Amino acid sequence: MDKKVDHLKRIMLLCQIAISNKKITDEECEYTSEDHYNNPEKMEFIYGIGPEGLAPIEFKLAKASVGETFHWNLVCQNLYSFFGHLPHPHWVLPSNDETICLKVSVEKIQPASPKEIVAALAEIVHRKERCCCC
(Lines give C-alpha, C1' and ligand atoms only; values in the text may rest on other atoms or scores of the structure.)
Protein backbone atom coordinates (compact mmCIF):
# COMPACT_ATOMS: atom_id res chain seq x y z
CA MET A 1 0.00 0.00 0.00
CA ASP A 2 1.40 3.38 -1.04
CA LYS A 3 1.40 5.72 1.97
CA LYS A 4 0.54 9.33 1.16
CA VAL A 5 0.53 12.47 3.29
CA ASP A 6 -3.09 12.97 4.32
CA HIS A 7 -5.26 14.16 7.20
CA LEU A 8 -4.67 12.63 10.63
CA LYS A 9 -1.44 10.89 9.59
CA ARG A 10 1.74 11.24 11.63
CA ILE A 11 4.35 12.66 9.28
CA MET A 12 8.11 12.60 9.87
CA LEU A 13 10.27 14.88 7.75
CA LEU A 14 13.97 15.58 7.50
CA CYS A 15 14.55 19.31 6.95
CA GLN A 16 17.68 21.12 5.86
CA ILE A 17 18.45 24.69 4.87
CA ALA A 18 21.10 26.34 2.73
CA ILE A 19 21.51 30.11 2.75
CA SER A 20 22.16 31.92 -0.52
CA ASN A 21 23.28 35.51 -0.95
CA LYS A 22 21.28 35.88 -4.18
CA LYS A 23 17.66 35.40 -5.22
CA ILE A 24 17.09 31.92 -6.59
CA THR A 25 14.18 29.78 -7.77
CA ASP A 26 12.82 26.52 -6.36
CA GLU A 27 14.48 24.74 -9.29
CA GLU A 28 17.85 26.32 -8.52
CA CYS A 29 17.44 25.19 -4.90
CA GLU A 30 17.06 21.64 -6.18
CA TYR A 31 20.53 21.83 -7.74
CA THR A 32 22.24 23.39 -4.72
CA SER A 33 25.21 21.29 -3.64
CA GLU A 34 24.73 19.09 -0.57
CA ASP A 35 27.82 20.81 0.88
CA HIS A 36 25.78 24.00 1.29
CA TYR A 37 23.04 22.41 3.39
CA ASN A 38 23.18 22.10 7.16
CA ASN A 39 22.74 18.77 8.95
CA PRO A 40 19.23 17.33 8.63
CA GLU A 41 16.79 18.07 11.44
CA LYS A 42 13.78 15.85 12.20
CA MET A 43 10.30 17.28 12.24
CA GLU A 44 7.25 15.27 13.23
CA PHE A 45 3.60 16.36 13.26
CA ILE A 46 0.01 15.25 12.74
CA TYR A 47 -1.15 16.45 9.32
CA GLY A 48 -4.28 18.58 9.03
CA ILE A 49 -5.14 19.46 12.63
CA GLY A 50 -4.26 23.16 12.72
CA PRO A 51 -6.92 25.44 14.20
CA GLU A 52 -6.60 27.85 11.26
CA GLY A 53 -6.39 25.11 8.63
CA LEU A 54 -3.35 23.78 6.83
CA ALA A 55 0.03 25.46 7.23
CA PRO A 56 1.71 26.49 3.95
CA ILE A 57 4.12 23.55 4.14
CA GLU A 58 1.17 21.18 4.61
CA PHE A 59 -0.41 22.44 1.38
CA LYS A 60 2.89 21.76 -0.41
CA LEU A 61 3.18 18.25 1.04
CA ALA A 62 -0.41 17.14 0.29
CA LYS A 63 -0.47 13.61 -1.15
CA ALA A 64 3.36 13.29 -1.06
CA SER A 65 4.81 9.81 -0.59
CA VAL A 66 7.56 8.42 1.60
CA GLY A 67 10.92 9.05 -0.05
CA GLU A 68 9.89 12.22 -1.89
CA THR A 69 12.13 15.27 -1.50
CA PHE A 70 11.06 18.86 -2.07
CA HIS A 71 13.03 22.10 -2.49
CA TRP A 72 11.60 25.54 -1.84
CA ASN A 73 13.21 28.96 -1.81
CA LEU A 74 12.06 31.38 0.86
CA VAL A 75 13.13 34.79 2.09
CA CYS A 76 14.63 34.40 5.59
CA GLN A 77 11.83 36.38 7.21
CA ASN A 78 9.21 33.97 5.79
CA LEU A 79 10.85 30.70 6.79
CA TYR A 80 9.09 30.17 10.12
CA SER A 81 5.67 31.35 8.89
CA PHE A 82 5.95 28.67 6.17
CA PHE A 83 5.67 26.08 8.99
CA GLY A 84 2.67 27.85 10.58
CA HIS A 85 1.42 26.11 13.73
CA LEU A 86 3.66 23.05 13.25
CA PRO A 87 6.54 22.24 15.59
CA HIS A 88 9.61 22.85 13.46
CA PRO A 89 13.40 23.04 13.71
CA HIS A 90 14.82 26.38 14.79
CA TRP A 91 17.75 27.58 12.74
CA VAL A 92 19.94 30.62 13.29
CA LEU A 93 19.17 32.86 10.32
CA PRO A 94 21.00 35.90 8.99
CA SER A 95 19.27 39.22 9.62
CA ASN A 96 19.41 40.36 6.01
CA ASP A 97 17.27 39.51 3.00
CA GLU A 98 19.19 36.45 1.92
CA THR A 99 17.31 33.53 0.40
CA ILE A 100 16.88 30.18 2.11
CA CYS A 101 16.77 26.92 0.21
CA LEU A 102 14.60 24.58 2.27
CA LYS A 103 15.04 20.89 1.51
CA VAL A 104 12.39 18.59 2.96
CA SER A 105 12.32 14.80 2.66
CA VAL A 106 9.31 12.69 3.66
CA GLU A 107 10.78 9.96 5.88
CA LYS A 108 7.76 8.26 7.41
CA ILE A 109 3.96 8.33 7.21
CA GLN A 110 1.86 6.45 9.77
CA PRO A 111 -1.72 6.59 11.02
CA ALA A 112 -1.98 8.70 14.17
CA SER A 113 -3.70 7.24 17.20
CA PRO A 114 -6.51 9.21 18.87
CA LYS A 115 -4.18 9.79 21.84
CA GLU A 116 -1.49 11.28 19.54
CA ILE A 117 -4.05 13.54 17.87
CA VAL A 118 -5.32 14.88 21.20
CA ALA A 119 -1.74 15.41 22.45
CA ALA A 120 -0.79 17.27 19.23
CA LEU A 121 -3.86 19.52 19.49
CA ALA A 122 -3.01 20.29 23.13
CA GLU A 123 0.57 21.14 22.15
CA ILE A 124 -0.66 23.57 19.46
CA VAL A 125 -2.82 25.36 22.05
CA HIS A 126 0.04 25.39 24.57
CA ARG A 127 2.48 26.82 21.99
CA LYS A 128 0.00 29.54 20.98
CA GLU A 129 -0.40 30.57 24.63
CA ARG A 130 3.39 30.79 25.14
CA CYS A 131 4.34 32.85 22.10
CA CYS A 132 2.99 35.03 19.35
CA CYS A 133 5.07 33.37 16.60
CA CYS A 134 2.59 30.62 15.69
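For the stretch 100-121, the criterion of being in a strand (DSSP E or B), modelled with pLDDT under 95 and farther than 23 Å from LYS4 by Cβ is met by at least one residue.
Inspect the stretch 2-18 for any residue being β-branched (Val, Ile, Thr), within 15 Å of the chain's Cα centre (by Cα), assigned to a strand (DSSP E or B) and over 12 Å from VAL106 (Cα atoms) and give the result as yes or no. Yes; the residues of the stretch 2-18 include at least one that is β-branched (Val, Ile, Thr), within 15 Å of the chain's Cα centre (by Cα), assigned to a strand (DSSP E or B) and over 12 Å from VAL106 (Cα atoms). For the stretch 49-79, a residue qualifies if it is surrounded by fewer than 17 Cβ atoms within 10 Å (Cβ to Cβ), assigned to a loop (DSSP other than H, G, I, E, B), touching a residue at least 24 places away in the same chain (Cβ under 8 Å) and not basic (Lys, Arg), and the qualifying residues are PRO51, GLU52, ALA62, VAL66, GLY67, GLU68.
Before we move on, is LYS23 in contact with a strand residue (DSSP E or B) (Cβ under 7 Å, 6 or more places away or on another chain), on the phi > 0 side of the Ramachandran plot and either in contact (Cβ under 8 Å) with a residue 60 or more places away in the chain or part of a loop (DSSP other than H, G, I, E, B) (or both)?
Working: in contact with a strand residue (DSSP E or B) (Cβ under 7 Å, 6 or more places away or on another chain): yes; on the phi > 0 side of the Ramachandran plot: no; either in contact (Cβ under 8 Å) with a residue 60 or more places away in the chain or part of a loop (DSSP other than H, G, I, E, B) (or both): yes.
Spelling it out, it is not the case that LYS23 is in contact with a strand residue (DSSP E or B) (Cβ under 7 Å, 6 or more places away or on another chain), on the phi > 0 side of the Ramachandran plot and either in contact (Cβ under 8 Å) with a residue 60 or more places away in the chain or part of a loop (DSSP other than H, G, I, E, B) (or both).
Checking each residue in the stretch 80-115 for being over 25 Å from ASP35 (Cα atoms) and surrounded by 15 or more Cβ atoms within 10 Å (Cβ to Cβ) picks out GLY84, HIS85, LEU86, ILE109, ALA112. Candidates are the residues of the stretch 56-99 that are modelled with pLDDT under 95 and among the acidic types (Asp, Glu); the one that is nearest to THR25 (Cα to Cα) is GLU98.
The values are calculated or read from the model by the stated rules, or taken from the named source; none is laboratory data. Treat the numbers as computed from the prediction; the structure is a model and nothing was measured. Please note: Cβ atoms are built from the backbone with ideal geometry, for glycine as well, and neighbour counts cover all protein chains shown.
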